[in-house]
Amino acid sequence: MADDPRSRGPLDPRTIIAFYHVNLRYRDQTALADVSFTVDNGEFVCLTGPSGAGKSSVLRLITMDLFPTKGQVVVRGMVSTRMKRGRIPMLRREIGFVFQDFRLLEDRSVYDNVAFAQLVVGVPGADIKKNVMRVLTQVGLWNKRDRLPHQLSGGEQQRVAIARAMVNSPKILLADEPTGNLDPVTAQEIIDLLFRINDGGTCVIFSTHDHEIVKTFGQRVMVFRDGRLASDVERRVPERDRAPRLSDHMYRPGEEPATPHREGGHA
Amino acid sequence: MLRRTQLGYLARESVAGFRRRKLTTGVTILIMSASLLVLALFVLVTLNLGMTLERTRENVDVRVFLVGGLDAERLAGLQPPFLAIPGVREARFIGQDQALAEMRAMLGEDADVLEVLDENPLPASYHLELSRGHRSPEAVAAIASELRRWPEVDDVVYSQAWVGALESWARIFRWSSLVVSLIVFGAAVFVISNTVRLTMASSRRVIEIQMLVGATNGFIRTPFLVEGILHGLLAGGLAMGLLAAGHRVLSVRLDGLAFFTPVQVGGFVAFAVVLGLLGSLAAVSQYLRLRRVV
């Protein structure tokens, strides 16, 4: 399987994230032990496993909020062992992050929450308006742009958080248990939104311990157990068992609709 | 480069702490200006003592009283040897009659008491004026003990005992100012860093999101540093204002009480601003170092 992203090196141009024998000790406990994998540009990956198995640590290592105790993490060609503190903001501008608890600014409107992400990285005023309008339309909340977060449902708040994560057009979207606080129907809507974002070429990595989501998820699933990568498989969920997705009905150039695995075409 | 939208944001955020926590801000500024006031007071007293000392030194006046029974020629002949002593700039002879006349003038209406005297009891004397480099207590004492060995000299009197006392006071105040400024330094940095820490804690979510979306540390830091600077500016201004008011009240009674020059006032406020900056810098760097995003 020459084209299997699981067996590629970090120098392959398709690789966007690479973990190399990563060990992480955190507060005197081993959070990750000898974890190695690579993720392709434009891939959609699900991290799963019980709480404390190391899913969040993987995401934090990708944002370089943590650094490996041993081994190396390479993200968009930036190497963890050679990363200067001053460069970290530049890396973060290429990564969107979504949390279980949304983390919106409660005293600001939906619009301002999203615009904030652009403001602090110095996007010109005129572009901010254009970009915020684009992402809020994408998540279906442009008409609620003047609401405050507490005036929205949980699913809507998570969509605002996703819009905020996407407004700087990141290459990677990380979502840490994005459906953890949501009912199953809303959760599926969020997963569906992540698929649509992935269809736009963004690499999406999300973590969940919800078996229902994993069961119906027709993509690459990495299972973590006790800080180790226990399995890393491309699941082929039969069409009839898979939850329907909006993206099933969208045309993707050069591909059959609903093909679960896309070749690395977004180099 | 910062964009206009960013500058607007930074300006709003810089005063956010003032808006959100008026009481804490007020107390911080009061504590800081009180400590600065104490410091300024010490510096001002040192300054005034120094000036008094300088004035006293200008008037260093050594009186050499001569033994009785010297004839006019011997008396006049003493002037060259006096002037030959290193540091003596001028030697003025005051004869017995002149001394009595001065005494009479000094006594004014009570000069009658002198009428009971059969003869003039006042000795003739020389007033020596010393040049600038020889006015220290040690130098004057050395000259005096040298003169006391002369057979023509009965006694030497000088105002240096005074100068010595003044000088030791000035020394005490100079050192206390230093100690007080160190204490004030610590106290001001401490209260400001605590206040800024409070602002940062209440802006936790905002900081977290800024870090998450890739704002630079410099950008995240700026509003909090500006807050510290504003604290210093206000506290320094308040302390100077109070001190100026106090000086105005006091100088009605005490003549020649000196106040800081405008440059010194500016320097003092700048010192307060630096304290504010250091306090907030301490809070910010500690906070950002410990802060994790995810």
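Answer with yes or no whether B:Ala72 is in contact with a helix residue (DSSP H, G or I) (Cβ under 7 Å, 6 or more places away or on another chain) and either farther than 30 Å from B:Ser125 by Cβ or open to solvent by 40 Å² or more (accessible area, probe 1.4 Å) (or both). Answer is no for this residue. Annotation note: Cβ proximity below 6 Å between a residue of segment B:1-12 that is within 9 Å of another protein chain (Cβ to nearest Cβ) and a residue that is open to solvent by less than 30 Å² (accessible area, probe 1.4 Å) and assigned to a loop (DSSP other than H, G, I, E, B) (sequence gap 6+ or interchain) occurs for B:Arg3/A:Gly122; B:Gln6/A:Gly122. Contact map, segment A:205-224: residues that are open to solvent by 40 Å² or more (accessible area, probe 1.4 Å) paired with residues that are at pLDDT below 80 and not in a loop (DSSP other than H, G, I, E, B), Cβ distance under 8 Å, separation 6+ or inter-chain. Pairs shown: A:Lys215/A:Asp241. Is segment B:158-167 home to any residue that is crowded, with 18+ Cβ neighbours inside 10 Å and either over 30 Å from B:Leu37 (Cα atoms) or free of Cβ contacts under 8 Å to residues at least 60 places away in the same chain (or both)? Yes, segment B:158-167 has at least one match.
Does B:Ala40 satisfy the criteria of being open to solvent by less than 40 Å² (accessible area, probe 1.4 Å), modelled with pLDDT of 85 or more and within 35 Å of the chain's Cα centre (by Cα)? So B:Ala40 passes the test.
Looking at B:Val263, B:Val213, B:Val226 in this structure, which one is crowded, with 17+ Cβ neighbours inside 10 Å, assigned by TED's automatic domain parsing to the domain that holds B:Ser177 and without any contact (Cβ under 8 Å) to a residue 40 or more places away in the chain?
Working: B:Val263 fails: crowded, with 17+ Cβ neighbours inside 10 Å; B:Val226 fails: without any contact (Cβ under 8 Å) to a residue 40 or more places away in the chain.
So the residue among B:Val263, B:Val213, B:Val226 that is crowded, with 17+ Cβ neighbours inside 10 Å, assigned by TED's automatic domain parsing to the domain that holds B:Ser177 and without any contact (Cβ under 8 Å) to a residue 40 or more places away in the chain is B:Val213.
Scanning segment A:1-36 for residues that are at positive phi and either at pLDDT 90 or above or under 19 Å from the mean Cα position of the chain (by Cα) (or both) turns up A:His21, A:Asp34. Among the helices (runs of 4 or more DSSP H) confined to segment A:91-180, the ones with at least 1 residues that are in contact (Cβ under 8 Å) with a residue 60 or more places away in the chain and either open to solvent by 20 Å² or more (accessible area, probe 1.4 Å) or more than 8 Å from chain B (Cβ to nearest Cβ) (or both) are located at A:154-166. Restricted to segment B:198-294, the set of helices (runs of 4 or more DSSP H) holding at least 3 residues that are at pLDDT below 85 and either more than 14 Å from every other protein chain (Cβ to nearest Cβ) or within 29 Å of A:Glu94 (Cα to Cα) (or both) comprises B:262-290. Whenever a residue of segment B:107-135 is open to solvent by 80 Å² or more (accessible area, probe 1.4 Å), it has no partner that is assigned to a loop (DSSP other than H, G, I, E, B) lying with C-beta atoms less than 8 angstrom away and at least six residues away or across chains. Where residues in segment A:55-78 are within 22 Å of A:Asn168 (Cα to Cα) and not in a helix (DSSP H, G or I), which of them is nearest to the other protein chains (Cβ to nearest Cβ)? Here the answer is A:Asp65.
Yes or no: segment A:26-48 includes at least one residue that is assigned to a helix (DSSP H, G or I), over 30 Å from A:Glu234 (Cβ atoms), without any contact (Cβ under 8 Å) to a residue 60 or more places away in the chain and more than 14 Å from chain B (Cβ to nearest Cβ). Show your work before the answer.
Residues of segment A:26-48 assigned to a helix (DSSP H, G or I): none.
For segment A:26-48, residues assigned to a helix (DSSP H, G or I), over 30 Å from A:Glu234 (Cβ atoms), without any contact (Cβ under 8 Å) to a residue 60 or more places away in the chain and more than 14 Å from chain B (Cβ to nearest Cβ): absent.
Would you mind stating whether A:Gln72 is out of contact with any helix residue (DSSP H, G or I) (no Cβ under 7 Å at 6 or more places or on another chain) and touching a residue at least 40 places away in the same chain (Cβ under 8 Å)? Taking the combined requirement at face value, the residue does not satisfy it.
The values are calculated or read from the model by the stated rules, or taken from the named source; none is laboratory data. These numbers come from a predicted model, not from an experiment. Positions of Cβ are generated from backbone atoms using ideal geometry, with glycine treated the same way; all protein chains shown enter the neighbour counts. Each accessible area value is taken on the protein alone, full model and side chains, heavy atoms only, with ligands, DNA and RNA left out. Shrake-Rupley method; radii C 1.70, N 1.55, O 1.52, S 1.80 Å.
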